[in-house]
Amino acid sequence: MISIGTTFNYDIALKDQLPMIKEAGFTHISLGARIEHSGYLEVNGRKNIRSFLAGNGLSVCSVHTPFGKDLDISSPRRDISDTTVDTYKRCIDAAADLSAHVVIFHPTAYLSSDHIEMRKESLVKSVKKLLDHVGVTNVRLAVENDSFSPANDVLVHSLNEIEDTRYGFCYDSSHDNLVEQPLVLLRQYGKRLLTTHISDNHGEKDDHMLPFEGSYDWDGFCEIMSRVSFEGVLLLEVETRESAFGSPEKFLHEAFTRGEKLRKACRK
């Protein structure tokens, strides 16, 4: 099964995205962090989403938690981390309501690298609170690797400290292509993999290009993935803005074709 994030073009309304996504061959979508695009945190928003999904024969595989200046799951400030936990609990409830099995979040606020040791402990405490909220639902929490090492140090600490099948790893290939040693985290935590953010770049910025449009080591990726026996939905987090395929329809068809190529290569 292959999924694509609604992030592929936020200028297209969700109800207009879904027929194109279905026509391209995808079975699932992932709802992006820009909450106003899907409205997944609101009851009426989820009602609309379910209606759109039913009309197109699609399912939601995951939701991404929102960003914001007051949202930082590992903040050394208790008031900020608590506010973030409360927001993420709503994301968990929304995921359960939409039958999505994974909630994805970043280990720190974007490019926050202050007080790393305090952040490590803060993230562990926050995730444990979220796991209490998850309870016996089918929702699992996936922490995403980032493009700078301090955030990944915080991620690693939490995965080592929390050995719970409901807590695992979201591997972002584009982020990993921007660090000094790509594929290390995937090799180390591939067996904790719950979902993916598959995209490419040229090693300079997080472009969210289609696989094979940039410089990422896809052979290395497939070699590791073939050994970890990942059974989840392969999720592409790609965007039209930097791709050679500018038309949304052509872009989606090409995304699905390349996703299928990766899926098959990872099973060899």
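Of the GluC sites (Glu not before Pro) found in region 147-219, the ones in coil according to DSSP and having at most 14 other Cβ atoms within 10 Å of their Cβ are 163, 180, 204.
Here the translational diffusion coefficient of region 201-260 follows from Stokes-Einstein with Rh set to the Kirkwood radius across Cα pairs; for 37 °C and 0.692 mPa s it amounts to 262 µm²/s.
Here r is the Cβ-Cβ distance between residue 27 and residue 205 and R0 is 35 Å; the resulting FRET efficiency, rounded to 0.05, is 0.70. Computed per residue of the chain from DSSP H runs no shorter than four, each worth -39500 (n - 2.57), the mean residue ellipticity at 222 nm is -14000 deg cm²/dmol.
Shape of the chain from the C-alpha gyration tensor: oblate (a/c of 1.5 or more and a/b not above b/c, with a ≥ b ≥ c the square roots of its eigenvalues). Assuming a ≥ b ≥ c are the square roots of the Cα gyration tensor eigenvalues, decide whether region 33-109 counts as rounded (a/c under 1.5), prolate (otherwise, with a/b larger than b/c) or oblate. Cα axes put region 33-109 in the prolate bin.
Rounded to the nearest 0.05, what FRET efficiency do residue 264 and residue 42 have when you use their Cβ-Cβ distance and R0 = 35 Å?
That gives a FRET efficiency of 0.35.
Within the chain, the longest segment free of exposed loop sites, counting chymotrypsin sites (Phe, Trp or Tyr not before Pro) that fall outside DSSP classes H, G, I, E and B and have at most 14 other Cβ atoms within 10 Å, spans 111-211.
The label point for residue 13 and the one for residue 118, both projected 7 Å from the Cα toward the Cβ, are 4.5 nm apart.
With viscosity set to 1.567 mPa s and temperature to 4 °C, compute the Stokes-Einstein D of region 97-228, Rh being the Kirkwood radius across alpha carbon pairs; µm²/s, no decimals. In µm²/s, the coefficient rounds to 85.
What net charge do the residues around residue 32 carry, taking every other residue with its C-beta under 12 Å from that of residue 32, with Lys and Arg at +1 and Asp and Glu at -1? Counting the neighbours of residue 32, the net charge comes to -2.
Any read-out appearing in this document is the output of simple, stated calculations on the displayed coordinates, not a laboratory observation. Keep in mind that what you see is a predicted model, and the values were worked out from it rather than measured. FYI the Cβ positions are ideal-geometry reconstructions off the backbone, even for glycines, and counts take in every protein chain you see.
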